[in-house]
Amino acid sequence: MSAAPVALAGEPVIDATQARAHGLTTDEYASIERILGRTPTFTELGVFSVMWSEHCSYKSSRKHLRMLPMKGRNVVGGPGENAGAIDVGDGWVAVFKIESHNHPSYVEPYQGAATGVGGILRDIFTMGARPIASMDSLKFGSLEHPRTRYLVGGVVGGIGGYGNCVGVPTVAGEVMFDAGYDGNILVNAFALGLARREDLQSARARGTGNPVLYVGSATGRDGIHGASLLASAEFDAESESKRPTVQVGDPFTEKLLIEACLEAIKTGAIVAIQDMGAAGLTSSSSEMAGRGGLGIELELDRVPLREANLTPYEILLSESQERMLIVAERGREGELAAVFEKWDLHAVVIGRITDDGRWRARWKGQVVADVPAAAISDEAPVYDRPARAPAASNNDGVANGAVSAQANAPSPAAALRAIIASPNVASRRMVFRQYDSIVQGNTVAGPGSDAAVLRIKDSRRGLALKVDSNPRACMLDPYIGAVATVCEAARNVACAGARPAGITNCLNYGNPERPEIMWQLIRGIEGLRDAAIAFDVPVISGNVSLYNETAGRAIPPTPTIAVVGTFANVVLHLKQYFKSPGDAVLMVRTAAPSLAASEYAALFGAAGQKLAPIDLGRERKLIDGLVECAERRLIRSAHDVSEGGLAVALAESCFNPGGVLGVEVEIGGSSHGAEVLFGEGSSTVIVSAPVENIKVLHQVFAPLEVVAIGLVTRASRLKIGTAIDEDVAALRSLYEEALPGRLDRP
Amino acid sequence: MRWGVVRFPGSLDDGDALYALRDVMGQDAALLWHKDESLGGAQCVVLPGGFSYGDYLRCGAIARFSPIMKSVARFAADGGLVIGICNGFQILCEAHLLPGALMRNRSLSFICDVVHVRVDNAHTPFTRAARAGEVLRLPIKHGEGCYVAPAEDLARMEERGQVVLRYVDAAGVESEAANPNGSMRSIAGVANDRFNVFGLMPHPEHAVEKLLGGEDGLKIFQSIAEGAR
């Protein structure tokens with residue numbers, strides 16, 4: 001047993017006031033004193049403040065996240081690891097997760113976004129999986145807001161700067177502009193890795209006496225209190241001063257770390273491994289020990305430092321990037337060190353696993369922290385915060401300041417031209433062109449597709465990936481909006497021909513201490529749960545980002561959903577483009593469209609916006625039907641009707657990079673109301689198929705509505721009844737030129 | 001034919017070059033480690049794409065000093081075949097094994113896209129499987145691919161046929177719009193004056209399978225392999 005830790009010279013007095021300055025409540029501070037049976041040291045207070053922050057402990061959401069379906073036939077590995085995994089066939093498992101880096105990216109966009117990518121990649125390769133793909137969901141404020149262009153440039157630059165240099169392709173993503181994010185942008189980064197099933201790693205310490213290795217970059221002062229003070233509090237006028245809490249990324253070191261870790265795993269000498277993410281050395285060491293029901297002892301003097309004179313407090317709380325902690329098999333640490341030395345990375349034994357259940361840190365011969373390891377995470381507070389629907393439910397109000405509908409309604413052709421060039425519909429090419437989307441040689445369909453498609457080498461199999469969100473719908477109804485988001489992501493994966501197999505989610509909301517925000521969060525989780533259960537797809541990982549508000553104004557509720565689907569034979573994947581003149585064009589849908597939460601409504605207004613309930617049985621039928629069509633080669637293209645509605649989806653289907661085509665359709669006789677042309681409320685897919693397959697398509701999708709609406713034409717015009725007759729090439733230039741005209745042209 | 005693909009710290013497309021050569025083309029190819037000086041008996045050395053040493057200084061400026069580059073320079077001086085792709089091209093320029101330099105793209109941003117390049121010299125060991133004037137569809141992905149050289153060097157290179165590939169449109173015509181990075185004279189790939197060292201910004205190793213969008217890159221590797229027979 002060691003002596004109780006003592007205060008170091010120059011440290012402040014520890015009391016409830018100091019605890020509050022660390023973001024801890026009076027009750028939380030009392031719990032810490034109870035757990036320790038004494039006053040914590042300054043170092044211990046820092047440790048608890050980070051580990052019990054919203055960001056690390058999920059204290060407001062944990063209770064509700066339990067309702068999500070996390071099990072499934074294809075799920076591999078137990079809960080509590082860094083990321084979930086699913087079996088994708090032939091001995092391969094896919095590990096994937098999405099995580100927010102919202103506040104750092106608003107304060108310092110380039111490094112915030114870059115380290116968001118770096119952090120999520122480490123979550124993947126710490127599991128023993130090679131990261132093979134990234135995606136990003138980005139929400140910016142309105143293009144008119146003075147900060148938006150700066151933030152877009154920084155965030156896109158940071159994602160590209162890190163992703164391109166680390167050698168993981170960015171294969172898909174989404175970008176949205178909405179005034180609701182003016183003061184709090186969202187940067188949600190997704191990564192997916194592949195591993196052989198037997199190579200999956202654990203983050204559970206085993207074996208008393210096993211050495212603990214620190215590998216990767218040296219520790220500096222960057223990112224201290226990133227998790228607690230930056231990520232777990234709302235923004236105010238002082239937020240700019242928090243820039244030093246943002247970490248600085250080094251993608252080159254991350255690339256070396258990926259190669260070295262995967263090579264080290266092959267030695268079989270690793271017992272447990274975890275990245276030093278939020279709360280750095282503290283979280284990785286205490287969580288690995290805690291999961292194994294063991295203790296851990298750290299010698300902080302041995303930690304490689306970037307500058308002299310870091311205090312124990314700083315060493316333990318630094319969020320310097322590109323670092324991992326490894327529990328090695330005793331006697332084999334030299335084998336591991338050799339691998340890291342080959343890659344010119346630090347590999348230092350800084351401690352060992354003990355059997356006393358204590359998380360203990362020594363510095364200059366003194367114990368500076370001595371805490372029950374499991375308590376740091378297991379005894380973190382769990383709150384059942386009050387939740388209450390707002391008095392006037394939004395779901396009968398009017399979104400986006402829109403007034404009455406038909407007052408100044410444009411002609412269908414004028415509306416189409418306006419919508420296709422609106423920032424939320426137009427081509428994202430100028431953004432994704434800045435990302436390497438092909439490195440590693442697996443990208444079958446990259447950015448700009450309904451879903452990205454990857455092949456798995458040495459196998460016929462493949463994966464489809466899609467990330468989606470629908471804050472406008474969530475604004476009207478946080479439950480239906482969340483259901484719609486899952487449906488859309490799954491449908492996009494199915495449009496590519498893949499069967500949805502796993503979900504990861506990032507739940508972005510405002511301050512959970514406000515009952516109406518808590519209500520939004522719970523309704524969002526319920527929507528995610530119900531859709532996942534209906535589709536029989538497990539939610540294998542996720543992240544919650546709260547306190548997304550500035551000066552008391554919260555962002556729209558934004559559950560970001562990524563769905564990963566699998567192909568038995570990736571050669572059978574589909575794209576959204578029409579291929580052959582003369583093919584029949586069919587519309588398959590689960591319900592009638594509406595203008596609620598649509599781009600049309602945002603631009604021109606629409607009255608009485610109310611979301612219709614979603615019939616998940618019919619949604620599932622649509623997804624199953626699409627997968628069947630791909631597997632039986634019944635259709636030649638499939639495109640989801642999303643932002644902009646049917647008319648935009650038809651135009652996009654004509655933009656075949658191999659040469660534009662045209663389409664001539666009739667919908668519902670002469671009634672070409674805005675709902676039909678631009679409505680988005682329902683789940684609708686446009687497919688093209690040889691005419692002789694029309695009958696069998698009706699059977700495949702029954703009882704859904706399947707309507708043969710027209711034909712693909714060689715003449716490159718988009719003709720919809722008498723309402724629209726436009727040149728496809730002209731629409732395409734509007735679509736391609738809109739964003740470069742509004743943002744800094746790369 | 002035996003190929004050696006150099007792996008520098010920060011190389012990214014090394015595995016893709018190896019896959020194209022070994023798995024797609026059935027060639028005898030192996031990785032070479034930057035700290036070694038042995039080329040492992042390779043008849044052609046590939047310097048792959050990526051960000052060697054992070055390229056925090058100038059692209060390729062540090063890699064040229066790595067131990068393996070001493071052997072690569074000797075190998076090239078002895079007439080051995082060396083191909084540098086993207087970062088490999090930058091390293092070859094830094095090592096003065098190729099003329100000119102690669103500067104930041106005209107747009108100042110990274111560009112990932114598919115471009116067309118025209119084979120302007122089909123008599124090199126790297127292009128002999130192509131027809132003169134043939135247009136190849138290849139991916140690019142780089143931030144610093146703008147080729148520059150002094151005017152008198154350019155004139156001499158043109159005269160000798162060292163300008164091997166040029167950015168063009170699908171019809172094979174040069175234009176500002178078809179030049180993705182602002183390279184002088186739309187230059188996409190050059191050879192040294194002995195035609196045994198070749199550098200190009202496009203990635204032939206990423207255009208070797210129909211499933212992934214095209215096979216035009218095979219022409220480059222087939223040219224090299226045929227020469228060895």
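Of the trypsin sites (Lys or Arg not before Pro) found in region A:702-746, those in coil by DSSP whose Cβ has at most 13 other Cβ atoms within 10 Å are A:Arg714. How many angstrom lie between the Cα centre of region A:139-208 and the Cα centre of region A:320-389? Region A:139-208 and region A:320-389 have Cα centres separated by 26 Å. Tell me, which residues of region A:705-746 get at least 40 Å² less accessible area when the other protein chains come in, versus the chain alone (1.4 Å probe)? So the qualifying set is A:Pro746. Between B:Arg58 and A:Asp90, the modelled labels are 4.5 nm apart [label points 7 Å from Cα along Cα→Cβ].
Exceedance of the 31 Å cut-off in Cα-Cα distance is limited, within the set A:Lys466/B:Lys210; A:Lys575/B:Lys219; A:Lys97/A:Lys266; A:Lys71/A:Lys695, to A:Lys71/A:Lys695.
So which DSSP H runs in chain A come out at 20 Å plus along the axis (Cα) with average Kyte-Doolittle of at least -0.5? Don't skip to the end; give the middle numbers.
Details: long enough: A:109-125 (24 Å, 0.39); A:148-166 (27 Å, 0.71); A:251-267 (24 Å, 0.47); A:478-495 (25 Å, 0.87); A:515-535 (30 Å, 0.45); A:616-631 (23 Å, -0.21); A:728-742 (22 Å, 0.06).
The answer, listed by residue number, is A:109-125, A:148-166, A:251-267, A:478-495, A:515-535, A:616-631, A:728-742.
Label region B:1-67 by shape, choosing from rounded, prolate and oblate, from the square roots a ≥ b ≥ c of the eigenvalues of the Cα gyration tensor; if a/c is under 1.5 it is rounded, and otherwise prolate applies when a/b is larger than b/c, oblate when it is not. Because a/c hits 1.5 or more and a/b fails to exceed b/c, region B:1-67 counts as oblate. Computed on region B:2-228, with alpha-carbon pairs under 8 angstrom and 6+ residues apart, the relative contact order is 20 percent.
Over all residues in B:101-110, what is the mean tally of Cβ atoms on other chains that come within 10 Å of each residue's Cβ?
Values: counts 0, 0, 0, 0, 1, 0, 6, 2, 10, 12.
Mean partner shielding for this stretch: 3.
Sorting the segments A:25-35, A:652-662, A:270-280 by their mean number of nearby beta carbons within 10 angstrom, highest to lowest, gives A:270-280, A:652-662, A:25-35.
At R0 = 45 Å, how high is the FRET efficiency between B:His96 and B:Asp23 if r is their beta carbon distance? Nearest 0.05 is fine. Please report the intermediate quantities before stating the final value.
On the way: r = 34 Å, r/R0 = 0.75.
Plugging the Cβ-Cβ distance into 1/(1 + (r/R0)^6) gives 0.85.
Using a probe radius of 1.4 Å on heavy atoms only, what accessible surface per residue do you get for chain A? Whole Å² is fine. If you can, show how the numbers build up before the last one.
Working: 24620 Å² over 746 residues.
Value for chain A: 33 Å² per residue.
Annotation for region B:16-97: trypsin sites (Lys or Arg not before Pro) lying in DSSP loop with at most 15 further Cβ atoms inside 10 Å of their Cβ are B:Lys35, B:Arg58. Shape descriptor for chain A: Rg over Rh equals 0.99 (Cα atoms; Rh from the Kirkwood inverse mean 1/r). Quick check on region A:1-151: take the gyration tensor over C-alpha atoms, sort the square-rooted eigenvalues as a ≥ b ≥ c, and tell me if it's rounded (a/c under 1.5), prolate or oblate. Oblate, because a/c is 1.5 or more while a/b does not exceed b/c.
Close amide-amide hydrogen proximity is noted between A:Gly295 and A:Thr354, A:Asp355, A:Asp356, A:Gly357, A:Arg358, each under 5 Å apart and 5 or more residues distant or on a separate chain (H modeled in the peptide plane; Pro and chain starts excluded). Annotation: the antiparallel percentage among DSSP beta bridges lying fully within region B:2-228 is about 60.
What does the net charge come to around B:Pro48 if you take all other residues with beta carbon closer than 12 Å to its beta carbon, with K and R at +1 and D and E at -1? My count for the surroundings of B:Pro48 gives -3.
Ignoring everything except DSSP H segments at least 4 long, calculate the 222 nm mean residue ellipticity for the protein assembly as shown; use -39,500 (n - 2.57) per segment, divide by total residues, nearest 500. Write down the numbers at each step before the final one.
On the way: 29 runs with 291 residues, N = 975.
The helix-only estimate for the protein assembly as shown comes to -9000 deg cm²/dmol at 222 nm.
Counting protein heavy atoms only, the protein assembly as shown has 51 percent of its accessible area on carbon and sulfur, 1.4 angstrom probe.
When DSSP beta bridges are restricted to pairs lying wholly in the protein assembly as shown, around 75% turn out antiparallel. Taking a straight Cα-Cα cut-off under 25 Å and skipping sequence neighbours fewer than 8 places away in the same chain, the lysines within cross-link reach of B:Lys70 are A:Lys255, A:Lys342, B:Lys35. Extension gain for the segment A:Arg302 to A:Ala409, taken as residue separation times 0.36 nm less the Cα-Cα distance, is 31.5 nm to one decimal. Where the centre of each part is set by its Cα atoms, how far does region A:585-632 sit from region B:112-165, in angstrom? Spelled out, the Cα-based centre of one part sits 49 Å from the other. Sort chain B into rounded, prolate or oblate with this rule: let a ≥ b ≥ c be the square roots of the eigenvalues of the Cα gyration tensor; rounded if a/c is under 1.5, and if a/c is not under 1.5, prolate when a/b is larger than b/c, oblate otherwise. Rounded is the answer for chain B, as its axis ratio a/c remains below 1.5. Ordering of B:23-34, A:675-686, B:85-96, B:182-193 by packing is B:85-96, A:675-686, B:182-193, B:23-34, highest average first (other Cβ atoms within 10 Å, averaged per residue).
What does the accessible area per residue of region B:2-228 come to in Å², with a 1.4 Å probe and no ligands, DNA or RNA counted? Write down the numbers at each step before the final one.
Numbers: 8260 Å² over 227 residues.
Per residue, region B:2-228 has an accessible area of 36 Å².
For A:427-440, what's the mean count of beta carbons from other chains sitting within 10 Å of each residue's beta carbon? Whole-number average of other-chain Cβ neighbours for A:427-440 is 5. For the pair region A:245-295 / region A:478-539, the C-alpha centres are spaced 30 Å from each other. Here's the list of aspartates and glutamates a cross-link from A:Lys364 could span, going by alpha-carbon distance under 13 Å and ignoring same-chain residues fewer than 8 apart: A:Glu299, A:Asp301.
Rounded to the nearest 100 Å², what's the accessible area chains B and A bury against each other, both chains counted, probe 1.4 Å? Spell out each step's value before the answer.
Working: alone 9780 and 25810 Å², together 33150 Å².
Between B and A, the summed buried area is about 2400 Å².
The values are calculated or read from the model by the stated rules, or taken from the named source; none is laboratory data. Quantities reported herein were computed from a predicted structural model and do not represent experimental measurements. So basically every Cβ, Gly included, is an ideal-geometry build from the backbone, and we count neighbours across all protein chains shown. Note: areas computed on protein heavy atoms with side chains; ligands, DNA, RNA excluded. Shrake-Rupley method; radii C 1.70, N 1.55, O 1.52, S 1.80 Å.
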